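Take a look at the structure below.
The values are calculated or read from the model by the stated rules, or taken from the named source; none is laboratory data. Keep in mind that what you see is a predicted model, and the values were worked out from it rather than measured. Cβ placement follows ideal geometry from the backbone for every residue including glycine, while neighbour counts extend to all protein chains displayed. Side chains included, ligands, DNA and RNA excluded: accessible areas come from the protein's heavy atoms. Shrake-Rupley method; radii C 1.70, N 1.55, O 1.52, S 1.80 Å.
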Amino acid sequence: MDLYDVTFIGAGPTGLFGCFYAGFRDMKTKIIDSLPEPGGQVTALYPEKIIYDAPGFPQIEGKALVKGLVEQGFSFEPTVCLGENAQSLERQADGSWRIGTHVAEHFSKTVIVTAGVGAFAPNRLKAPGVAEFEGRGIYYFVKEKAIFQGKRLLIVGGGDSAVDWALNMRDTAQRITLIHRRDQFRAHEGSVAELKAAQDIDLRLFYELKEVRGNAHVTGATIFNNKTKEQTDLDVDVVLLNLGYKADLGPITSWGFEMDEKRGIKVNERMETNLPGVYAAGDVATPAGVDRLPLIVIGYAQVTVAVNCANKYIHPEARVFPGHSSEKM
């Protein structure tokens, strides 16, 4: 049995930064993720989206942030297991943990769950033509901005993704129309203010998508005002539906964790779960006494605490504080 000091479940930004810190503490480290490449939600949903709240970067594309995190996180050569879905967690007689995936079993003295929101699927719209043209002009996520180059773009939604992509596509799309079913946005206030001030974005409030039409590809859409019921036909080439997504932690919810009402794993100030030697950090974790903040920067801090506390769990004589990186490196 190859026994690791710490195993991360999830290779998103939080897990990747945790890998760096575990290596920094000379811990034998493994990271497991169900996706075929690291980066989690950033890689899967918005690799070309600009991120503005990454420390040290006034703005950075998602894929560039992940590239740096991978380089940093893998610098101590952890064992990386991608394309493996963690299905079970069982404590062994010696106090270590067995992690069962659909292809292998892994053994670890401690475990840190950094699974983000788990698996995710977009909220789909059931308007006529939407399902028919999915992948042929209908998109829910942006993997490559090049798909929208020179296109007449219709964006549907009022959250961060919809507003951010409307602003981010101005140098790519020929024309941008954003419709939102009400006049209140869930997006960041500064982004909404920029959207409303933009002269090159056609913003239509209280509008919804009624129908999409086309031949081999989308050529047009019908929208309607949900107050006046007035309908408008638009010539569009692509429709981006940013309507949120459903998240599912899958088997993790059956591993015996204490969970909150939003299916977050409850942790204390040391990021410990109710299972001995098992920690959680990032979007999946709900620290006691505070509201959950699903931000990358919060995940960095939480996983740093989790790693250092896990190291002390293994080595009770060790200090939680690892020393400054400038001294050790």
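Laid out as a table, the results:
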item: Among residues of the range 154-183, those that are touching a Leu at 6+ places or on another chain (Cβ under 9 Å) and open to solvent by 40 Å² or more (accessible area, probe 1.4 Å), counted; result: 6
item: Selection from the range 27-80 of residues that are open to solvent by less than 20 Å² (accessible area, probe 1.4 Å), in contact with a Phe, Trp or Tyr (Cβ under 6 Å, 6 or more places away or on another chain) and at pLDDT below 95; result: L45, G62
item: T172 in a loop (DSSP other than H, G, I, E, B) and hydroxyl-bearing (S, T, Y); result: yes
item: For V117: the one exception among (1) part of a strand (DSSP E or B); (2) within 25 Å of the chain's Cα centre (by Cα); result: (1)
